[in-house]
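**Q** Have a look at the structure that comes next, please.
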Amino acid sequence: MVLLTVLDTLLLVVGGVGMLYQVVCIVASLFAKQVTFPEAPMTNRYAVLISARNEENVIGNLIDSLRQQTYPSELIDIWLVADNCTDNTAQVVRSMGCHVVERFNKEEIGKGYALTYLFNYLNERGYTETYDAYFVFDADNKLDKHYVEEMNKAFHSGFRILTSYRNSVNLSDNWVSSGSALWFIRESRFLNNSRMLFGSSCHVGGTGFMFSKDVMKRNKGWKFHLLTEDLEFTMDSVLHGDRVGYCGSAVLYDEQPVTFSQSWRQRLRWSKGFLQVFRYYGPALIRHAIRERDFSAVDFTLLLCPFTVLGVARLLLGFIFALCGFVSWTSQLSSFSGWAFGIVVSVLSMMGLAALTIVVERDQIGATNKELFAYVLSFPIYMLSYVPISFQAIFSKAQWKPIEHKG
C-alpha cells in the first residue's frame with residue numbers, strides 16, 4: 001500500500017511540475033522577444049556532416065540548399081558518409097562535387113556509428129584541424145538560404161553547441177506528418193526559445209545542429225551510439241557544463257513520415273532511446289542537478305523521466321494488490337477514473353497547444369486554414385499513440401531502420 005502511495009505521489013508531483021514548467025515556457029515565449037545575435041564576420045570554416053542510407057531521391061535538395069547559402073561557399077565543405085547504401089547515393093553526391101566516404105557494416109547500425117566512422121576518417125587524415133565547427137544534417141533536410149549565416153552569428157557570440165528552428169517540408173501531407181511537424185515546431189518555438197530566455201541549456205534535435213572543434217576534440221570525434229544519439233549528446237554536454245544554444249532565425253526544413261506505420265517505427269526507436277538515455281545518464285543528471293544547482297539538469301531530468309514505465313508499474317501493482325486483497329477494488333477503480341479524467345484534460349490541452357502553435361507560427365506553416373483546423377483535431381490522436389508506443393518500448397528491441405523519403 002505504501003508503494004502505491006509513493007508511486008501515485010511521484011507521478012502526481014513530477015507530472016504536475018512538468019506540466020507547470022511547460023506552461024511557464026509557453027507564457028514566456030509568447031510575451032518575451034526572441035533572443036537574437038549581432039552581426040558577425042563570415043570567416044569561420046565549417047564542415048557539413050551528413051549520414052545517408054539510400055537517399056538518392058532527396059540528397060540533391062540538401063546539397064543545393066547548402067550551395068545557395070548567403071555564407072561564403074568556399075568556407076563550407078560537405079562530407080557525406082554513405083552508410084550501407086545499395087543505391088546511387090554516393091555517386092549522386094560525388095557528381096555534385098562533395099566529399100563521400102562509404103561505409104559497410106551490418107553489425108554496428110545507426111547514425112551514431114556512421115558519424116563515428118566519418119570522424120575517424122577525417123581525424124586520421126588531419127582534416128579536422130581545418131574546421132572551426134561541424135554541422136550535422138539528415139539527407140532529407142532543406143535549409144533556408146540564411147541558415148549558416150545565422151548560425152555563424154550565434155557561434156561568434158560564444159556558444160560551442162547550437163541547435164536551430166526545425167520546420168517541415170510536408171506538414172500538410174496528412175495528419176501523421178502534421179502531428180510530427182507541429183511537435184517539432186512547438187519544441188523550437190516554446191521550449192528551446194524559452195530555455196534561451198531562462199539562460200538554461202537547449203535540446204539538440206536529431207538534425208540541424210552544430211558543435212565546435214573543442215567539443216569534437218573532447219569527444220574524440222563522435223562517441224554517441226544509443227538509439228537517440230542526439231539526446232545522448234545533449235545529456236553528455238550538459239554534464240560537462242556546456243550550455244546548448246538555440247538560433248531561432250536559422251530555419252531547417254525536415255521531411256516527416258507520412259504513414260502511421262513509419263511514424264510508429266520511428267517513435268518506437270525514440271521511446272526506446274529515451275529509456276536508454278535515462279538508464280545511462282539519469283542518475284548522473286540528478287546528482288548534477290542537486291550538487292551544481294543546475295537548472296538545465298533539472299529541465300532534462302523532467303524530460304527523461306519515464307512516466308510510462310512508472311504508470312505501467314502503478315497499474316500492474318494496483319491490479320495485483322487488489323487481486324490479493326491488500327487493497328480494495330473500489331480504491332483502484334477510483335484511481336483509474338482519476339487517470340481517465342487526466343487523459344481527457346490532456347487531449348483538450350493538446351488540441352489547445354496545437355492551435356496555439358499554429359496561430360503563433362502561422363507564417364512558418366505552409367497549409368490552408370481548413371487543413372490546419374483538421375490537424376488541430378487530429379493532433380491528440382497522434383500524441384496519444386505515444387502511450388502504446390512507450391509501452392511497447394519497455395519490452396521491445398527497437399532498431400535503426402531507414403525511412404523512405406520522397407523529396
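Nothing in this text is a laboratory measurement; each read-out follows from the coordinates by a stated rule. On a predicted model such as this, the values are computed, not experimentally measured, just so you know. Methodologically, a virtual Cβ is constructed for each residue, glycine included, from the backbone with ideal geometry; neighbour enumeration extends over all protein chains shown.
**Q** Go ahead and collect, in residue order, the members of segment 268-307 whose backbone nitrogen is under 17 Å from a label point 7 Å along the Cα-Cβ direction of Val13.
**A** Under 17 Å, as judged by backbone N against the label point of Val13, lie 286-287, 289-291, 298-299, 301-303, 305-307 of segment 268-307.
**Q** Mind putting a number on the dipole of the chain about its Cα centre? Charges go on the C-beta only, +1 for Lys and Arg and -1 for Asp and Glu, and I need it in Debye to the nearest 20.
**A** 820
**Q** So what are the radius of gyration and Dmax for the Cα set of segment 113-247, in Å?
**A** 15.2, 47
**Q** Could you order the peptides 78-89, 29-40 from most to least packed, using the average number of other C-beta atoms within 10 Å per residue? All intermediate terms of the calculation are to be shown ahead of the outcome.
**A** On the way: 78-89: 20.9, 29-40: 13.1.
Result, highest mean Cβ count within 10 Å first: 78-89, 29-40.
**Q** Let me ask another. Considering the zone a paramagnetic label at Val101 would reach in this model (a point 7 Å from Cα along the Cα-to-Cβ line), which residues of segment 191-219 have amide N under 19 Å from it?
**A** Only 207-219 pass the distance filter.
**Q** Can you give me the angle between helix 369-384 and the longest principal axis of the chain, using Cα atoms only, in degrees from 0 to 90, rounded to the nearest 10?
**A** The answer is roughly 60 degrees.
**Q** Follow-up. If R₀ is 22 angstrom, what is the calculated FRET efficiency for the pair Val309 and Ile381, using the beta carbon separation as r and rounding to 0.05? Provide the component values of the computation, followed by the final result.
**A** Details: r = 23 Å, r/R0 = 1.04.
E(calc), rounded to 0.05, equals 0.45.
**Q** Another question, if that's okay. So for segment 1-110, averaging the separation of alpha carbon pairs under 8 Å that are six or more residues apart and normalising by length, what relative contact order in percent results?
**A** Working: 97 pairs, mean separation 25.6, N = 110.
Computed over segment 1-110, the figure is 23 percent.
**Q** Dipole magnitude of segment 127-233 about its Cα centre, charges +1 at Lys/Arg Cβ and -1 at Asp/Glu Cβ only, in debye to the nearest 20?
**A** Numbers: 13 positive and 13 negative charges, 66 e Å.
Computed charge dipole of segment 127-233: roughly 320 debye.
**Q** Sorted from largest to smallest, which semi-axis lengths in Å does the alpha carbon gyration tensor of the chain give for its equivalent ellipsoid, taking the root of 5 times each eigenvalue?
**A** Working: eigenvalues 274, 105, 100 Å².
They are 37, 23, 22 Å, listed largest first.
**Q** Can you find, among Leu304, Ser95, Ala139, the residue sitting farthest towards the positive end of the charge dipole of the chain, where Lys and Arg contribute +1 and Asp and Glu -1 at Cβ?
**A** Leu304
**Q** Equivalent ellipsoid semi-axes for segment 1-93, as square roots of 5 times the alpha carbon gyration tensor eigenvalues: give them largest first, rounded to whole Å.
**A** Working: eigenvalues 395, 136, 25 Å².
Working through the eigenvalues yields semi-axes of 44, 26, 11 Å.
**Q** Between Cys324 and Val24, what FRET efficiency comes out of the Förster formula 1/(1 + (r/R0)^6) with R0 = 25 Å and r the beta carbon distance, rounded to 0.05?
**A** Values: r = 42 Å, r/R0 = 1.69.
Result of the calculation: an efficiency of 0.05.
**Q** Further question on the same structure: I want to check the label-to-label distance for Phe395 and His156. Put each point 7 Å from Cα in the C-beta direction and report it in nm to one decimal.
**A** About 5.6 nm, to one decimal.
**Q** Among 134-142, 361-369, what's the highest-first ranking by average C-beta atoms within 10 angstrom per residue? Don't skip to the answer; put the middle values down first.
**A** On the way: 134-142: 23.7, 361-369: 13.6.
In descending order of packing, they fall as 134-142, 361-369.
**Q** Suppose R0 equals 45 Å; then what is the FRET efficiency for Thr70 and Ser331 from their Cβ-Cβ distance, rounded to the nearest 0.05?
**A** Working: r = 64 Å, r/R0 = 1.42.
After rounding, the FRET efficiency stands at 0.10.
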